[in-house]
Amino acid sequence: LAKTTQPISMDSYEGQEVNITCSHNNIATNDYITWYQQFPSQGPRFIIQGYKTKVTNEVASLFIPADRKSSTLSLPRVSLSDTAVYYCLVGDMGGRNQGGKLIFGQGTELSVKP
Amino acid sequence: DTEVTQTPKHLVMGMTNKKSLKCEQHMGHRAMYWYKQKAKKPPELMFVYSYEKLSINESVPSRFSPECPNSSLLNLHLHALQPEDSALYLCASSPSEGEGEKLFFGSGTQLSVL
């Protein structure tokens with residue numbers, strides 16, 4: 001079972017690019033890397049997923065090096081509304097990890113200041 | 001309709017009360033989930049329903065009683081709760097319980113037990 005490690009918290013300012021790195025040294029060959037975002041008082045929502053190299057969508061980019069032992073979620077030009085907790089999960093294409101269950105780690109609390 | 005709707009948004013109850021949390025989705029999803037989230041902690045899985053049958057119970061105390069009347073509805077019946085049960089209760093759904101299926105979360109019910 002691949003365990004993930006992320007910084008507990010990060011601070012940023014509006015307009016900056018934010019990079020959140022997740023370590024997953026024991027990632028399995030068929031594991032995907034999935035990120036969920038959770039705003040205060042809301043449920044988590046899927047934002048991006050990748051297997052290797054780089055994935056980009058309208059919300060974020062995900063960079064995965066060749067050894068796949070880590071990944072970096074990149075949020076370009078953050079705004080106050082990007083203040084949220086970001087969870088990195090390693091597992092199947094839905095992020096499910098433990099026996100098909102979606103189990104969240106501690107996440108990274110991002111605070112964006114004006 | 002791509003939403004998971006939870007009612008009520010807020011609930012205050014005494015330890016002798018009986019109350020129910022409701023969750024509804026109209027995406028045709030056949031798997032539904034209850035998660036519990038304490039402040040500053042990640043969501044914790046409680047129950048999983050697949051095709052209206054309980055498939056996972058994460059050793060949740062019997063004072064929490066889930067019910068899935070049909071494929072669109074999920075209830076969580078509460079009885080004789082303790083103050084430490086105060087938390088955000090999140091409902092989620094996915095197309096099936098199968099591998100690779102992403103979860104869609106509702107905004108949760110913030111429960112306070114007095």
Could you run through the range B:72-114 and say how many residues are of a type in the set (Ser, Thr, Tyr) and loosely packed, with under 15 Cβ neighbours inside 10 Å? 2
Selected residue (criterion: nearest to A:ILE103 (Cα to Cα)) from residues of the range B:55-71 that are open to solvent by 30 Å² or more (accessible area, probe 1.4 Å) and away from chain A (no Cβ under 14 Å): B:PRO61
May I ask you to verify whether A:ARG45 is open to solvent by 80 Å² or more (accessible area, probe 1.4 Å) and closer than 27 Å to B:GLU97 by Cβ? yes
Which numbered condition in (1) in contact (Cβ under 8 Å) with a residue 24 or more places away in the chain; (2) within 28 Å of B:ILE56 (Cα to Cα); (3) within 13 Å of chain B (Cβ to nearest Cβ) is the only one that A:LEU102 fails? (1)
Tell me, please, whether a residue that is part of a loop (DSSP other than H, G, I, E, B) and modelled with pLDDT of 95 or more can be found in the range B:83-92. yes
Looking only at the range A:70-92, count every residue that is in a loop (DSSP other than H, G, I, E, B) and either of a type in the set (A, V, I, L, M) or at pLDDT below 95 (or both) and tell me the total. 4
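The values are calculated or read from the model by the stated rules, or taken from the named source; none is laboratory data. Every value quoted in this text rests on a predicted model; they were computed, and no experiment measured them. All Cβ positions, glycine included, derive from the backbone under ideal geometry; neighbour counts span all protein chains shown. Note: accessible area is taken over every heavy atom of the protein model, side chains too, but ligands, DNA and RNA are not part of it. Shrake-Rupley method; radii C 1.70, N 1.55, O 1.52, S 1.80 Å.
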